[in-house]
1. Please specify each residue of the range 94-136 satisfying the condition of being of a type in the set (Asp, Glu) and either over 18 Å from Phe30 (Cβ atoms) or touching a strand residue (DSSP E or B) at 6+ places or on another chain (Cβ under 9 Å) (or both).
2. If the Cβ limit is 6 Å and pairs must be 6+ apart or interchain, which residue in the range 385-396 that is of a type in the set (Ser, Thr, Tyr) pairs with which residue that is crowded, with 17+ Cβ neighbours inside 10 Å?
3. Condition first: touching a helix residue (DSSP H, G or I) at 6+ places or on another chain (Cβ under 6 Å), at pLDDT 90 or above and small (Gly, Ala, Ser). Now tell me which residues in the range 169-219 satisfy that.
4. Being among the small types (Gly, Ala, Ser), at pLDDT 70 or above and open to solvent by 30 Å² or more (accessible area, probe 1.4 Å) is the filter here, so list the residues in the range 361-414 that pass it.
5. Name the helices (runs of 4 or more DSSP H) wholly within the range 29-127 that hold at least 3 residues that are in contact with a Phe, Trp or Tyr (Cβ under 6 Å, 6 or more places away or on another chain) and not aromatic (Phe, Trp, Tyr)?
6. If Met225 satisfies every condition in (1) aliphatic (A, V, I, L, M); (2) modelled with pLDDT of 85 or more; (3) farther than 30 Å from Tyr311 by Cβ but one, which is the exception?
7. Of all residues in the range 282-301, how many are under 23 Å from Gly154 (Cβ atoms) and free of Cβ contacts under 8 Å to residues at least 24 places away in the same chain?
Amino acid sequence: MTSKHLAQWSWSLSACANHGFITTIAVGFFPIFFDKYVATSLSGTQQTFYLGLANSTATFIVMLLAPWLGALADRRGHKKRWLGIWTVLGSIGSAVLATVGQGEWVWALVVYGVGTVAFWAGSSFQDALIVQVADASEINRVSAQGYAFGYIGGGLLFLVNVLMALHPSWFHLANGTQATRIAFLDVAVWWLLFTLPLFRHVPEGRPTGEPSGVAELWATIRKVMRERMVRNFLLAYWLYIDALNTVQLMAVDFGSKLGFPSDSLIVALLIVQFIAFPFALLFGWLGDRFGTKGSIYLGLAVFVGVTFYAYFMQTVQQFYILAAIFGSVQGGVQALSRSYFARLIPADRAGEYFGFYNMLGKFAAVLGPLAMGLVAMVTGNQRLSILVLEFFFIGGGLLLARVRAPERSVCAMA
């Protein structure tokens, strides 16, 4: 294996590393742990409010930090250093969750918030490092490989942890609570372990030496907004990724409102993880074979069909089919969006630009859930609410049509 291919595999393994936090902790175990063990003294509405507040606060912090930290990392050539800092903080946060006692819900939210900030902030630097390992001819494949590794790695860890929680005796554990604590610990180890190859094999970018104060940051924001192709892409991405994230966030609630049992919802989450793995790789090939933007359009068209399908869904089996179809395009659209954006930006400012990219991702899933909630409340029809996402997918596709990516290398490696 050449040093370049080793760098690409090492970069992809870092996605496998941090995805364990999202699947096991953020989506799977922490909400249940918080509800059933840590915050039992709170009412259900209070639990929902404080958990939502923790997620929103963490998102807001990342929105403020990501562009500034990206500019600072570009200036000094410290993308790997900042990724390392956030990886360590995230791993510590995951491990400390295992020590939280019953009733310590404030402390639990603080620690969970640290882990969430670390995941999203670290992702910005991980995304930015793609220009160090892939040129224009490889970037679709490498970006897709990263998402594929993330889904299969996070999915396997989640599967083990779900089995551990459902059948603790199989693992010589006392109960589900102990299994949950072990799950928090194994996420911490997983996160550290699979990030280590990146620090050895992925090269750091050259420092730009440019100032990165607040005034310079605002100057960069104005510059990005003046770059028509970058601006149009970010607007398109914001619309369709908002709808995509809304489906992720609202699918379990949507299925629950239709009366599907909770164990079926967990099975659906696992289906998404394992289906997304091969299809993310497939979309990397499609992007090279038929064009990046055309393949994104294919994914958006499938999402439009998925929302119509969800409107008519009646059974758990149909919910599983929906999860499989969603998983088949989710990773592909995310991967090709990242690689397409990398073509639009200067490689030596990747940290700064991907800071904006990820900041915009944090804004995503704000309008979608609100629109679904308003439609459901006004019409009294839960099914009708899912159809509002059509406007986001179609609107994003129309804006994407106005973007032209240059055919140039984005690789900083020789």
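The values are calculated or read from the model by the stated rules, or taken from the named source; none is laboratory data. This structure is a prediction, so every number in the text was calculated from the model and none was measured. Please note: Cβ atoms are built from the backbone with ideal geometry, for glycine as well, and neighbour counts cover all protein chains shown. Surface accessibility is based on the protein's heavy atoms, side chains included, excluding ligands, DNA and RNA. Shrake-Rupley method; radii C 1.70, N 1.55, O 1.52, S 1.80 Å.
1. Within the range 94-136, the first condition is being of a type in the set (Asp, Glu), and the residues that meet it are 104, 127, 135.
Within the range 94-136, Asp127, Asp135 meet the criteria.
2. Within 6 Å, the pairs are Ser385/Met372; Ser385/Val375; Ser385/Ala376.
3. Listed by number, the residues that qualify are Ala179, Ala183, Ala188.
4. Gly373, Gly380, Ala401 - these are the residues of the range 361-414 that are among the small types (Gly, Ala, Ser), at pLDDT 70 or above and open to solvent by 30 Å² or more (accessible area, probe 1.4 Å).
5. Details: elements: 30-33, 44-76, 79-97.
Of the helices (runs of 4 or more DSSP H) lying wholly inside the range 29-127, those with at least 3 residues that are in contact with a Phe, Trp or Tyr (Cβ under 6 Å, 6 or more places away or on another chain) and not aromatic (Phe, Trp, Tyr) span 44-76, 79-97.
6. With (1) aliphatic (A, V, I, L, M); (2) modelled with pLDDT of 85 or more; (3) farther than 30 Å from Tyr311 by Cβ applied to Met225, the lone miss is (2).
7. The number of residues fulfilling the criteria is 0.
To keep it simple, each residue is scored yes or no on (1) closer than 21 Å to Val202 by Cα; (2) open to solvent by less than 70 Å² (accessible area, probe 1.4 Å); (3) out of contact with any Gly (no Cβ under 7 Å at 6 or more places or on another chain).
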position: Thr40; (1), (2), (3): no, no, yes
position: Thr57; (1), (2), (3): no, yes, no
position: Phe60; (1), (2), (3): no, no, yes
position: Leu65; (1), (2), (3): no, yes, yes
position: Trp68; (1), (2), (3): no, no, yes
position: Leu72; (1), (2), (3): yes, yes, yes
position: Gly77; (1), (2), (3): yes, yes, no
position: Thr87; (1), (2), (3): yes, yes, no
